[in-house]
Every structure is written in C-alpha cells, then in structure tokens.
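What follows is a single structure, written as structure tokens, with notes after it.
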Amino acid sequence: MQRPFYFKIFLVATLLLGINVFAKENSHPVEETEKDLKSEIKEFIGHHLLDSHDFTLYTVDEEKNEHVGFPLPVILWDNGLKVFSSSKFHHGESVAEVNGNYYALNHGKIVKTDAEGTITYDDHHHATNEKPLDFSITKNVVFILLVAILMFFMFTRMAKSYKNNPIPKGIGRLLEPVVLYIRDDIAIPNIGKKHYKRYMSYLLTVFFFIWIINLLGLTPLGVNVTNNIAVTLALALLTYLITTFTANKNYWKHIFWMPDVPVFMKLVLAPIELLGTIIKPFSLMIRLYANITAGHVVLMSILGMMFIFKNWIGSPLSFGLAFALSLLELLVAALQAYIFTMLSALYFGSAVEEHHDH
Amino acid sequence: MEIPTIVGAGLIVIGAGLGIGKIGGSAMDAIARQPEASGKIQTAMLIAAALIEGIGFAALFAS
C-alpha cells in the first residue's frame, strides 16, 4: 500500500508546481517576456557555472538586490596584502574601497578600477583593467576545505574504530568496502603487488574527494567545484607529478629510446611518447570537467523548461526528467571518481613497471 | 555558434557515440560468452569508453 501514497505525493507536487507557473503566466504578458526568459535562463546557468566571491542561496528580489546568503573573505595581493569582506561589493553592484584602492567585480573576477568603477573593454570584450592576484576564499574554496575537514573526521574515526576491534563501527562500515575495492580492484591489478602501497594514500584521497564533492554538487546548495577547470587541473597535475617523479628507468627508456625498434622509428616515436605523457593527465582534466559541466548544464536546462513551456505539461515533464537525470548524475558522480582513480592507477602502474623481455 | 561549428559538434558526437556503443556491445557479447569474467570485462570496457569520451570532449571544446 506504500506505492500509491508516494505516487499521490508526486502528483500533487507536480500539479502544485504547475499552478505556480500558471500564476506567473497570468501576471505577465506572454509575448513580451518570451525572449527575455530564455536569455535569463541562459544567464542563470552561466552564473551557476562560475565561481563566486559570495555564497548566495536564494535571490529574493533581483531589482532590490536582496539575496539570502553570506559574504566570504576576499584576499588580494596588490602591492601588499589586502583582506576585506565580499559584502563590500554588494553582489557586484558597487565598488569596494580599500586603503585608497578601488576594486570591482567583472563577471565574477576582481579588477582594479577608479572610484567610479569604470571598466574598459578591448575588441574581444575582455576587461583591460589591471587584475590583482586573487587568493580569496571563494565558494569553491569553502567547499574544498569543507570536504577536506569532512574526510579528515570520517577517516580518523574509521581508523580509531580498528584499534579495539577488527570489525569497523559507524562510518567505517560504509567506507571499508569502498577502500577494499580500491585496493583490490584498482590498485593491485594496475600497479602490481610490489609497489601499490606507495600510491594507495593518493588513490584513496582522490577517489573520495572527487566522489564527495560531486555528490555535494547535486544538492541544492549550488556547489560546482569539479566543473571549475582549475580544480580538475590541480588534480590532474598531481597525477602527472606523481607519475613523473616515481617513474623508474624502464619508463623513461620506453619513452625516449624504445628497445627493439628501428632507429628511425625511435626518432619518430620519442616526441610522440613525450607528448603522450602530457596528454594523459590533460585528458583526465578535460574528462572530469566536461562530464560534470555537461551534467549541470543539462539538469538546469531541464529545470528551465518549466518556465518556458508555461502550461500544465511543462512542470511534470520537467520534474520527471530532472528526477531521472539526477539519478543518472548520482551514477556519473561515482563513475567519474572511479575513472579518475582507475586511470591514475594505470599511469602509476606504467611508471613502475619492471623490465620484461619482449 | 555558426553552422559549421554545430555540424562539427554533431559529427563528433556521432563518432564518439558509435565508438562507445561498439565497446558496450562487444562487452555484452563477451560477458554473455564468459559470465565469470564479467568484472574484468567491465573494467576494460569502462577504461576504453572513458578514453573515447575524453577525445570526444576535447574535440567538442575545441569546436
């Protein structure tokens, strides 16, 4: 008897959404807002994909500049350290003044301006103003730190529970199978029994970090850390550095002077192989970034459909599709973490592979 | 976006889709033949699919 009850809730929820949209439709002339609405949705999606200097949960009134959220600290290096709160920007509406210097927000980036906040543009519509070095605690940084703290407490609790009892308690029961899976099915088959222990800490960290932060991205908090290319660049760079600095003689020999290959082919293959060492982490970076960005864009476009259709079909359709896509995104969140860890392990494995006769 | 860009993006998606589809189909065949090796086959399938996907995304972003 449970199922019909949930079904009723689903129906009522979608109908309520429909009524809400209906109410909006009646209060606006349809033809006039059609064009504006589409560009507004596009703008909203674009804004969601960017990092921001304040944490906005909900916008009450766009015109009155009323938002629910809290400001974050801005840290700039511009002939000396400058620290101030991002509330001075008033969500990009006003110019912040610090010790006689003026700063303004231009598409989420801080630029140095004069007292009036004039921003000059070049032909390609990029701001030509001077940009100070920005070390701010932005929204993404807040969530990276949050995940770091969360993981620290989760794993220290798990480790402590092993001291008295070989059977884990609490959070450890959830995490132990995952940790064992990474060890037995990712690290050992790809890196080999002899060397895998060195890389386990990195593989576990990167797996849980990407997984948790992807899952946070599906909550309505508006977090989108892994669809910032700088974050995925840092992760891929770590894989690249670890591969490069732990590689043995055999690995470099196979890149620069492959055995059992004619000399002419060696000369051709060496640059290709050298380029390959950079392309591998590059593809790691692009894959994670593009998958998560694509997921967020499609999900938000489907939610935007609700406002474009403006009839009773739109809301249930949008709700149902968004629900199905959210389930798919749950899979993608774990799958991308798995793929990143798996390929990292594969690259580490090629770096420490022992010599064997061909 | 201009029309050639959109056509190029479409071609990329067709190519990547065909590639990943072929991998998935072959993996299904292999699992049907040897269900006991399904774990290893799945791993190999995911790696190959991820590599193609990476190329697809790289091309999409370049277009």
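The values are calculated or read from the model by the stated rules, or taken from the named source; none is laboratory data. For clarity, every value in this text was computed on a predicted model and none was experimentally measured. As a convention, Cβ positions derive from the backbone with ideal geometry for all residues, glycine included, and neighbour counts pool all protein chains shown.
Does A:L321 fit the bill of being over 24 Å from A:D51 (Cβ atoms), surrounded by 14 or more Cβ atoms within 10 Å (Cβ to Cβ) and free of Cβ contacts under 8 Å to residues at least 40 places away in the same chain? Considered against the rule, which asks whether it is over 24 Å from A:D51 (Cβ atoms), surrounded by 14 or more Cβ atoms within 10 Å (Cβ to Cβ) and free of Cβ contacts under 8 Å to residues at least 40 places away in the same chain, A:L321 comes out as yes.
Among the criteria (1) in contact with a Phe, Trp or Tyr (Cβ under 6 Å, 6 or more places away or on another chain); (2) on the phi > 0 side of the Ramachandran plot, the one A:V225 does not fulfil is (2).
Exactly one residue out of A:M305, A:M342 is touching a residue at least 12 places away in the same chain (Cβ under 8 Å), closer than 30 Å to A:D51 by Cβ, assigned to a helix (DSSP H, G or I) and away from chain B (no Cβ under 14 Å): that is A:M305.
Reported count of residues in the range A:233-252, each being without any contact (Cβ under 8 Å) to a residue 40 or more places away in the chain and over 12 Å from A:S350 (Cα atoms), is 4.
Close contacts from the range A:209-223, counting a first residue that is farther than 18 Å from A:I339 by Cβ and a second that is part of a loop (DSSP other than H, G, I, E, B), with Cβ to Cβ under 7 Å and a gap of 6+ residues or different chains, come to A:L216/A:V223. Within the range B:47-63, the set of residues being touching a residue at least 12 places away in the same chain (Cβ under 8 Å) and at the interface with chain A (Cβ under 7 Å from one of its Cβ atoms) comprises just one member, B:E53.
As a summary of the residue check, A:I210 satisfies the conditions (1) more than 14 Å from every other protein chain (Cβ to nearest Cβ); (2) closer than 30 Å to A:G69 by Cα except for the one numbered (1). Note on the range A:322-340: residues that are closer than 17 Å to A:P220 by Cβ and either in contact with a strand residue (DSSP E or B) (Cβ under 9 Å, 6 or more places away or on another chain) or not charged (D, E, K, R) (or both) total 7. What's the total number of residues in the range A:170-190 that are away from chain B (no Cβ under 14 Å) and either surrounded by 14 or more Cβ atoms within 10 Å (Cβ to Cβ) or in contact with a Gly (Cβ under 8 Å, 6 or more places away or on another chain) (or both)? Of the residues in the range A:170-190, 7 are away from chain B (no Cβ under 14 Å) and either surrounded by 14 or more Cβ atoms within 10 Å (Cβ to Cβ) or in contact with a Gly (Cβ under 8 Å, 6 or more places away or on another chain) (or both).
Kindly check whether there is at least one residue in the range B:25-46 that is surrounded by 17 or more Cβ atoms within 10 Å (Cβ to Cβ), within 14 Å of chain A (Cβ to nearest Cβ), over 11 Å from the mean Cα position of the chain (by Cα) and more than 20 Å from A:F340 (Cβ to Cβ). Checking the range B:25-46: at least one residue is surrounded by 17 or more Cβ atoms within 10 Å (Cβ to Cβ), within 14 Å of chain A (Cβ to nearest Cβ), over 11 Å from the mean Cα position of the chain (by Cα) and more than 20 Å from A:F340 (Cβ to Cβ). Out of the residues in the range A:274-302 that are within 14 Å of chain B (Cβ to nearest Cβ) and among the small types (G, A, S), state the one that is surrounded by the most Cβ atoms within 10 Å (Cβ to Cβ). Here the residue is A:G295. When B:A16 is tested against (1) more than 14 Å from chain A (Cβ to nearest Cβ); (2) over 23 Å from A:N190 (Cα atoms), only condition (1) is not met.
Can you say whether B:G10 is modelled with pLDDT of 85 or more, closer than 27 Å to A:A345 by Cα, more than 13 Å from every other protein chain (Cβ to nearest Cβ) and not in a loop (DSSP other than H, G, I, E, B), as far as the supplied structure shows? If you could, list the steps in order and put the result at the bottom.
Numbers: modelled with pLDDT of 85 or more: yes; closer than 27 Å to A:A345 by Cα: no; more than 13 Å from every other protein chain (Cβ to nearest Cβ): yes; not in a loop (DSSP other than H, G, I, E, B): yes.
Answer is no for this residue.
Reported count of residues in the range A:253-272, each being among the basic types (K, R) and either touching a residue at least 60 places away in the same chain (Cβ under 8 Å) or within 20 Å of A:F348 (Cα to Cα) (or both), is 1. Selection of the range A:308-339 for residues being more than 14 Å from chain B (Cβ to nearest Cβ) and closer than 28 Å to A:L203 by Cβ yields A:S326, A:L327, A:L328, A:E329, A:L330, A:A333. Scanning the range A:82-139 for residues that are hydrophobic (A, V, I, L, M, F, W, C), loosely packed, with under 13 Cβ neighbours inside 10 Å and under 28 Å from the mean Cα position of the chain (by Cα) yields A:V83, A:L133.
Scan the range A:199-237 for residues that are of a type outside the set (A, V, I, L, M) and over 26 Å from B:Q42 (Cα atoms) and jot them down. Correct list: A:G217, A:T219, A:P220, A:G222, A:N224, A:N227, A:N228. Reported count of residues in the range A:188-235, each being in contact with a strand residue (DSSP E or B) (Cβ under 8 Å, 6 or more places away or on another chain) and of a type outside the set (G, A, S), is 1.
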